[in-house]
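The values are calculated or read from the model by the stated rules, or taken from the named source; none is laboratory data. Just so you know, these numbers come straight off a predicted model, no measurement behind them. When we count neighbours, we look across all protein chains shown, and the Cβ atoms used for this are built from the backbone with ideal geometry, even at glycine. In case anyone asks, the SASA skips ligands and DNA or RNA and just uses the protein heavy atoms, side chains included. Shrake-Rupley method; radii C 1.70, N 1.55, O 1.52, S 1.80 Å.
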Amino acid sequence: MVVSDAPNGGGSSSPPLVVEQTNTLGITKPISLAGPTDADLHRNAELEKFLLDSGLYESNEEAATRREVLQRLDQTVKSWVKQLTRQRGYTDQMVEDANAVIFTFGSYRLGVHGPGADIDTLCVGPSYVNREEDFFIILHNILAEMEEVTELQPVPDAHVPVMKFKFQGISIDLLYASISLLVVPEDLDISHGSVLYDVDEPTVRSLNGCRVADQILKLVPNVEHFRTTLRCLKFWAKRRGVYSNVTGFLGGVNWALLVARICQLYPNAIPSMLVSRFFRVYTQWRWPNPVMLCTIEENELGFPVWDPRRNPRDRYHIMPIITPAYPCMNSSYNVSASTLRVMKEQFRYGNKICDEIELNKAQWSALFQPYFFFEAYKNYLQVDILAADNDDLLAWKGWVESRLRQLTLKIERDTNGMLQCHPYPHEYADTSRHCAHSAFFMGLQRKEGEKGQEGQQFDIRGTVDEFRQEINMYMYWKPGMEIFVSHVRRKQLPLFVFPDGYKRNRMSRHISHSAEKMGEDAAKSNLGSSERSVKRKNDHEMLDEKLGKPEKRASISPQRLVCVSPESCSSQMSIDGTKGVRLAKNAGTKCEIKSSNGLLENGISTEGAYMHISETGGVHPKNDSQNSRCSEVQNENGVNRNKAGEMDLDCLESAETASCKSLSNCKESAVDMDQRLDNTHNFQRTEYSDYVPTASSQALNCEEDEFELNHMTFGR
């Protein structure tokens, strides 16, 4: 069994490496070789204490359990291969030599897994043991008979075929790769290119996870600094709702590659510095310039690599993050325009907080404040997934979740990008239902900075219908498996999405406006302190006045509109910043409101389902002059002068664009920086609202208005 020797499952740690000017890490020279100051060391100690207090490290007992599980799994696959070798009539010597090896990858291999995390594993077997029958049928049956194994779920149709299960309570994702060897040596070097000879593309993808993890650990200057930084940023991404590859954000390997590149650009920095530089660099990064740890390697094996010159599909990748092992691939092909927008907003948020931490105006805990998704938008799509029991729901939900990204892409496509979706990666469940239930949500808003025509309509009937038809192609569908897509307003969100089962008072909206105004005043001059005090006082008065009002009752679950007559039901879903959600009905329409607690019948009409955004209620872009005023004011404290000393314009541009110089399809506008640094190399930054996206705070904040409750439901 080939597993890591480090306590946290990562590779053996390397000693601290002090990089000299002559060294080149990655494809460009470093941005800065500066080491930590005393203040950096102090902040680093505080960061490590915060991570420890947050419970991000597993106990020694759980670590021992993981090692035991891996050993048992290794014994199981070795016995399985020997059994198959004997059944197929090989000699006794072949049976004795028959072998399979378990490798780990992902967070466990990198050494950044936490309590309760799953273990990504790869079983490498000989050429005569195949995936389709031997792995997904015979090994599956062996595992199903073991008492230690529960929740066994084969996913043979996945892009990377996988078997998911729990072994002694530890979640395992097991891949299989059959390589062109009759006997697999115990000390197999999986990073060597020879393992790719005479294998198919699913096998290459299965092997790629382990090969990428090994390369990452080899390409960072200090493994322990890389691990701490990655552990921190993964925690941040989960708190801010941008950690999920399946819904179009970034997964574990994507975050690892982004952090590894920052480690290359700042080779002598410690984790507290690397976290700050992470947000500083990626706030300014000009996507779709690719992030790469090394040059893209060509090979005589002929597997396709990421190359926009030759592969037209690669030209549409908007946030390419390239894996360092052959064949080099874009690990972030799932990212859409909408999810990239959300991540860029969150990068700006992290950058702002890190600036305040460096000025001793904030603690590390401020960086990890949760993102209040259900206060950020005024309109949402709710996707309800139902099944007869939990076992059916597990399989059905996995299929639907893997396709949710397509719904985002289809809405972007069919509205020409004017209607933006924010898929939220967290799953919710209504325990009051009599059947197994799961729900996902998407925030909706007009594209920022765009002015639509008066009465402009976004027709999403066909979009949702097309999505539903694709979902219903699930080959393992069973009776009871249902999906409903409905439009809900913020005021009518079901209570099961809130942690304590009830809505909290929406104080953050006023607070975020106050913080935004404070940022503008600070950027102008120090004379605005009295104005901010008045503003703060007024905000408190507004809050007191609001809290004094009787609270409007929120419905326990969103209601749905069931059209009795498809021909006569013509309706519009509307997003309007001043009038809220409207569902305009033609005269003579017969409709009834039905609670979502009851199962809706199949074949619900989608006639007349429009998404409508009025010109007066659209999202209004921020004034450009306001953005330009929101430059940093920390120069007086010396922070920007330190940044200027470590940040070289040419280095940053070369770090961003070196990988594009040989790609003829890269546009010149995408090669230059988004905005050039000034003479002192200080970044221009836009103030970022603390909790709520800018668009939401400007156009989708009419919480106190009275609205007629209407929803449109799309059933299976």
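First compute the accessible area of region 140-191 with a 1.4 Å probe, then give the percent of it belonging to carbon and sulfur atoms.
Solvent-exposed carbon and sulfur of region 140-191 make up 52 percent of the total.
Rounded to the nearest 0.05, what FRET efficiency do Glu201 and Met475 have when you use their Cβ-Cβ distance and R0 = 22 Å?
Calculated transfer efficiency: 0.55.
Kindly sort Asp157, Asp389, Asp465 by accessible area of their heavy atoms, largest first, with the probe set to 1.4 Å.
Asp157, Asp389, Asp465
Where does each of 38-45, 263-270 land if you order them by average Cβ count within 10 Å, highest first?
263-270, 38-45
Does region 58-134 come out rounded, prolate or oblate by the C-alpha gyration tensor, with a ≥ b ≥ c the root eigenvalues, rounded set by a/c under 1.5 and, if not, prolate when a/b is larger than b/c and oblate if not?
prolate
Could you order peptides 174-186, 284-296 by the average number of other Cβ atoms within 10 Å of their residues, highest first?
284-296, 174-186
With the full set of protein chains in place, find how many percent of the accessible area of region 363-412 is carbon and sulfur; take the probe as 1.4 Å.
Carbon plus sulfur share of accessible area: 48 percent.
Taking the Cα centre of region 128-199 as origin and charging only Cβ (+1 Lys, Arg; -1 Asp, Glu), how large is the dipole, in debye to the nearest 20?
180 debye
Expected output is a single nm value to one decimal: the length gained when fully extending between Asp189 and Arg310, i.e. 0.36 nm times separation in residues minus the C-alpha distance. What is it?
Stretched fully, the Asp189-Arg310 segment lengthens by 40.5 nm.
Please calculate how many Å² of accessible area region 47-184 carries per residue, with a 1.4 Å probe and no DNA, RNA or ligand atoms counted.
Value returned for region 47-184: 44 Å² of accessible area per residue.
Residues of region 240-389: accessible area per residue at 1.4 Å, in Å²?
Per-residue accessible area for region 240-389 comes out at 27 Å².
Determine the alpha carbon to alpha carbon distance for each of Lys49/Lys166; Lys344/Lys447; Lys78/Lys166; Lys234/Lys344; Lys234/Lys478; Lys238/Lys352 and list only those over 25 Å.
Lys49/Lys166; Lys234/Lys478
Would you mind calculating the gained length between Lys344 and Asp389 on full extension (0.36 nm times residue separation, minus the Cα-Cα distance), in nm to one decimal?
12.3 nm
Ranking request for peptides 332-338, 394-400: highest mean number of other beta-carbon atoms within 10 Å first, then the rest in descending order.
Final packing ranking: 332-338, 394-400.
Expressed in nm², what is the orientationally averaged projection area of the convex hull enclosing the Cα positions of region 364-473?
Over all viewing directions, region 364-473 projects a mean Cα-hull area of 9.6 nm².
Going toward the positive end of the dipole of region 363-436, with +1 on Lys and Arg Cβ and -1 on Asp and Glu Cβ, which of Gly398, Val383, Ala366 do you reach last?
Projecting each Cα onto the dipole axis, the largest value belongs to Ala366.
Ranked from the most accessible area to the least, with a 1.4 Å probe and all protein chains present, what is the order of Arg313, Arg88, Arg109?
Ranked list, largest accessible area first: Arg313, Arg88, Arg109.
Given the alpha-carbon gyration tensor of region 181-290, what are the semi-axes of its equivalent ellipsoid in whole angstrom, ordered largest first, with each equal to the square root of 5 times an eigenvalue?
30, 17, 13
³J(HN,Hα) across region 176-181 via Karplus (A = 6.51, B = -1.76, C = 1.60, θ = phi - 60°), whole Hz, x for Gly/Pro?
Once rounded to whole Hz, the list reads 9, 9, 9, 9, 7, 10.
What accessible surface, in Å², does a 1.4 Å probe find on His159, ignoring ligands, DNA and RNA and rounding to the nearest 10?
100 Å²
If I model a spin label at Arg413 and His426 as a point 7 Å from the Cα along the Cα→Cβ vector, what separation in nanometres do I get?
The two pseudo-label positions are separated by 3.1 nm.
Using a basic spin-label model with each label point 7 Å from the Cα along Cα→Cβ, how many nm lie between Ser127 and Glu151?
3.9 nm
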